[in-house]
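Visitor: Encoded as structure tokens, here's the structure I'll be asking about.
The values are calculated or read from the model by the stated rules, or taken from the named source; none is laboratory data. Computed from a prediction, not measured in an experiment: that's the story for all the values here. In this analysis, Cβ positions are derived from the backbone assuming ideal geometry, glycine residues included, and neighbour counts consider all displayed protein chains. These area figures cover heavy atoms from the full protein model, side chains too; ligands, DNA and RNA do not enter into them. Shrake-Rupley method; radii C 1.70, N 1.55, O 1.52, S 1.80 Å.
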Amino acid sequence: MILPKSNRLTPEQVAEVTAIVREFGCSIQPIVGAVRTIYAIVGDERDELMINRLEGLNFVDRIDRIQSPFKLMDRRSDLSSHRIRVGGVTLGEDLAIIAGQCTIDPKNPNFFLETALAVKEAGAHVLRGGVWKPRTNPYAFQGDSKSIDILMEASRITGLPVDAEVMDEEQLQVALDAGVHMLQVGARNALNYSLLRSIGRAVAKRDTIVLLKRSLHMGSLSEFISAAEYIAAFGNPNVILCPRGTAPALDGYRNHPDESITPLLKEKTWAPVVVDPSHSVGRASYVPACALAAVAYGADGLCMEAHVSPSHGIGDDPKQALTPAVLADTIAQAKQIWSLRRSAVGGG
Ligand code: PEP
Ligand code: MN
């Protein structure tokens with residue numbers, strides 16, 4: 001990793017650096033942070049001669065040689081000061097709330113528009129809405145591209161940025177063309193490396209944020225953080241990690257709630273953690289407890305399913321969605337825990 005003395009290298013300096021690393025079979029990938037751009041050396045960056053020559057350049061501050069499978073997302077990376085801002089909040093400095101329906105019903109758009117206004121009123125910073133849905137049953141409703149217009153209309157009405165899951169390149173393109181601010185990679189696709197690469201490539205020169213769910217099949221923490229690195233490696237480090245419950249399920253819950261993973265993640269990565277209690281427990285009545293526990297464990301935010309009339313919802317909404325009143329209470333309590341945690345000795 002090349003750390004320049006200035007906020008970014010000039011095109012001439014990039015050309016000079018590129019010429020050096022090319023001699024050693026490497027290339028350069030700029031990673032645009034909030035304040036400073038740093039330059040990843042793609043390839044085997046261990047050659048001492050190459051490092052010496054780079055360190056000799058008067059516009060280079062230092063060469064960071066983090067030996068980690070996720071050198072950009074690593075806590076020791078220069079990107080650790082990078083902050084992600086969305087919906088008027090900065091992750092790590094304010095508790096960020098993503099809320100909205102699991103699935104937008106294209107036949108009843110008013111439900112989504114009402115939900116959008118209600119979650120804003122309850123205190124959400126980002127509106128979520130499923131346009132395309134990963135369904136176990138091939139005959140179940142799979143989503144509908146038309147819902148993207150409903151999602152963007154809700155964004156216009158509320159002024160909230162929006163989050164939607166994409167599962168393939170076609171959906172990715174539709175979502176980006178429509179102006180979706182946050183792309184969700186679902187639990188089923190968090191290990192789909194070609195999709196991660198496509199998303200990384202597509203968001204490289206944008207300020208789009210990626211909400212990366214934890215796969216049910218991820219073992220080590222490194223596997224989760226490395227999936228985030230796949231996206232960041234193309235140049236956009238706006239990746240949020242989202243634990244959402246794992247397998248095997250805890251009897252009675254939809255999955256095994258994994259909100260306690262946050263302190264472990266924070267030891268290894270600077271990436272913000274936004275926990276999804278809705279898919280973790282799978283029942284509206286259990287969601288508030290899981291949400292509050294997640295904040296106590298150090299989450300930077302929560303992603304919760306909510307609906308103005310859960311029984312009229314489709315997808316997960318009839319089971320999991322919070323009513324706006326419960327969502328508002330949960331957010332208020334979560335903020336209290338957030339403040340307690342921040343004021344506690346060693347809190348953060
Ligand atoms: C969702 O957010 O509605 C969803 C399908 O999530 P997950 O990928 O975590 O199952
Ligand atoms: Mn859902």
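Visitor: Which residue out of ASP61, ASP105 is within 16 Å of ligand 1 (Cβ to nearest atom), surrounded by 14 or more Cβ atoms within 10 Å (Cβ to Cβ) and over 21 Å from the mean Cα position of the chain (by Cα)?
Guide: So the residue among ASP61, ASP105 that is within 16 Å of ligand 1 (Cβ to nearest atom), surrounded by 14 or more Cβ atoms within 10 Å (Cβ to Cβ) and over 21 Å from the mean Cα position of the chain (by Cα) is ASP105.
Visitor: When both residues are 6+ apart or on different chains and their Cβ atoms are under 8 Å apart, which pairs have a first residue that lies in segment 96-121 and is free of Cβ contacts under 8 Å to residues at least 60 places away in the same chain, and a second that is part of a loop (DSSP other than H, G, I, E, B) and more than 16 Å from ligand 2 (Cβ to nearest atom)?
Guide: Cβ pairs passing all conditions: PRO106/LYS146; ALA116/LEU160; LYS120/GLY159; LYS120/LEU160.
Visitor: Given the criteria under 18 Å from the mean Cα position of the chain (by Cα) and either open to solvent by less than 20 Å² (accessible area, probe 1.4 Å) or on the phi < 0 side of the Ramachandran plot (or both), does SER81 qualify?
Guide: Yes: the conditions hold for SER81.
Visitor: Shifting gears a bit: Please go through segment 296-318 and give me each residue that is touching a strand residue (DSSP E or B) at 6+ places or on another chain (Cβ under 8 Å) and within 13 Å of ligand 1 (Cβ to nearest atom), ordered by number.
Guide: Within segment 296-318, LEU302, CYS303, MET304, GLU305, ALA306, HIS307, GLY313, GLY315, ASP316, ASP317 meet the criteria.
Visitor: Let me ask you something else. Quick one: in segment 182-205, of everything that is of a type outside the set (Ser, Thr, Tyr) and away from ligand 1 (no atom under 16 Å from the Cβ), which residue is nearest to ILE97 (Cα to Cα)?
Guide: VAL203
Visitor: Turning to a different aspect of this structure: Kindly provide the set of residues from segment 72-85 that are of a type in the set (Lys, Arg) and touching a strand residue (DSSP E or B) at 6+ places or on another chain (Cβ under 7 Å), ordered by number.
Guide: ARG75, ARG83
Visitor: Within segment 109-125, identify whether any single residue is crowded, with 22+ Cβ neighbours inside 10 Å, in a helix (DSSP H, G or I) and at pLDDT below 95, and answer yes or no.
Guide: No, every residue in segment 109-125 fails to be crowded, with 22+ Cβ neighbours inside 10 Å, in a helix (DSSP H, G or I) and at pLDDT below 95.
Visitor: Got at least one residue in segment 130-144 being within 30 Å of ALA233 (Cα to Cα), assigned to a helix (DSSP H, G or I) and within 16 Å of ligand 1 (Cβ to nearest atom)?
Guide: Looking for residues that are within 30 Å of ALA233 (Cα to Cα), assigned to a helix (DSSP H, G or I) and within 16 Å of ligand 1 (Cβ to nearest atom), one finds none in segment 130-144, hence no.
Visitor: Give the residue that is most open to solvent (accessible area, probe 1.4 Å), with candidates limited to residues of segment 126-141 that are closer than 19 Å to ASP276 by Cβ and over 20 Å from the mean Cα position of the chain (by Cα).
Guide: THR136
Visitor: With the requirement that a residue be open to solvent by 30 Å² or more (accessible area, probe 1.4 Å), within 16 Å of ligand 2 (Cβ to nearest atom), free of Cβ contacts under 8 Å to residues at least 60 places away in the same chain and not small (Gly, Ala, Ser), what does segment 271-316 give you?
Guide: Once the filter is applied, which keeps residues that are open to solvent by 30 Å² or more (accessible area, probe 1.4 Å), within 16 Å of ligand 2 (Cβ to nearest atom), free of Cβ contacts under 8 Å to residues at least 60 places away in the same chain and not small (Gly, Ala, Ser), segment 271-316 yields ARG283, TYR286.
Visitor: Consider ALA321 against the criteria (1) open to solvent by 10 Å² or more (accessible area, probe 1.4 Å); (2) in contact with a His (Cβ under 8 Å, 6 or more places away or on another chain); (3) within 16 Å of ligand 1 (Cβ to nearest atom); (4) under 24 Å from PRO161 (Cβ atoms): it satisfies all of them except one. Which criterion is unmet?
Guide: All conditions pass for ALA321, except number (1).
Visitor: Any residue at all in segment 331-344 that's closer than 22 Å to HIS279 by Cβ, open to solvent by 60 Å² or more (accessible area, probe 1.4 Å) and not basic (Lys, Arg)?
Guide: Checked against the condition, which is being closer than 22 Å to HIS279 by Cβ, open to solvent by 60 Å² or more (accessible area, probe 1.4 Å) and not basic (Lys, Arg), segment 331-344 yields at least one hit.
Visitor: A further question on this structure: Out of all the residues in segment 214-234, which are surrounded by 22 or more Cβ atoms within 10 Å (Cβ to Cβ), under 20 Å from ASP276 (Cα atoms) and not aliphatic (A, V, I, L, M)?
Guide: Selection gives ARG214, PHE224.
Visitor: Pairs only if they're at least six apart or on different chains, beta carbon under 6 angstrom, first in segment 33-48 and open to solvent by less than 40 Å² (accessible area, probe 1.4 Å), second among the acidic types (Asp, Glu); list them, first residue then second.
Guide: Going by the 6 Å Cβ cut-off, the qualifying pairs are ILE38/ASP78.
Visitor: In this structure, is ARG22 more than 30 Å from GLY123 (Cβ to Cβ), at pLDDT 95 or above, not β-branched (Val, Ile, Thr) and not in a loop (DSSP other than H, G, I, E, B)?
Guide: yes
Visitor: Here is a further query. Among the residues of segment 317-326, write down those that are within 15 Å of ligand 2 (Cβ to nearest atom) and among the aliphatic types (A, V, I, L, M).
Guide: Matches in segment 317-326: ALA321, LEU322.
Visitor: Of all residues in segment 142-189, count the ones that are within 16 Å of ligand 2 (Cβ to nearest atom) and surrounded by fewer than 14 Cβ atoms within 10 Å (Cβ to Cβ).
Guide: Final tally of qualifying residues: 1.
Visitor: Scan segment 256-268 and tell me whether some residue there is over 20 Å from the mean Cα position of the chain (by Cα) and open to solvent by 30 Å² or more (accessible area, probe 1.4 Å).
Guide: There is at least one residue in segment 256-268 that is over 20 Å from the mean Cα position of the chain (by Cα) and open to solvent by 30 Å² or more (accessible area, probe 1.4 Å).
Visitor: Another one. Could you please tell me which pairs satisfy a Cβ distance under 8 Å, a separation of 6+ or placement on different chains, a first residue in segment 224-251 that is closer than 21 Å to PHE70 by Cα and within 13 Å of ligand 1 (Cβ to nearest atom), and a second residue that is modelled with pLDDT under 95 and of a type in the set (Phe, Trp, Tyr)?
Guide: From segment 224-251, no pairs qualify.
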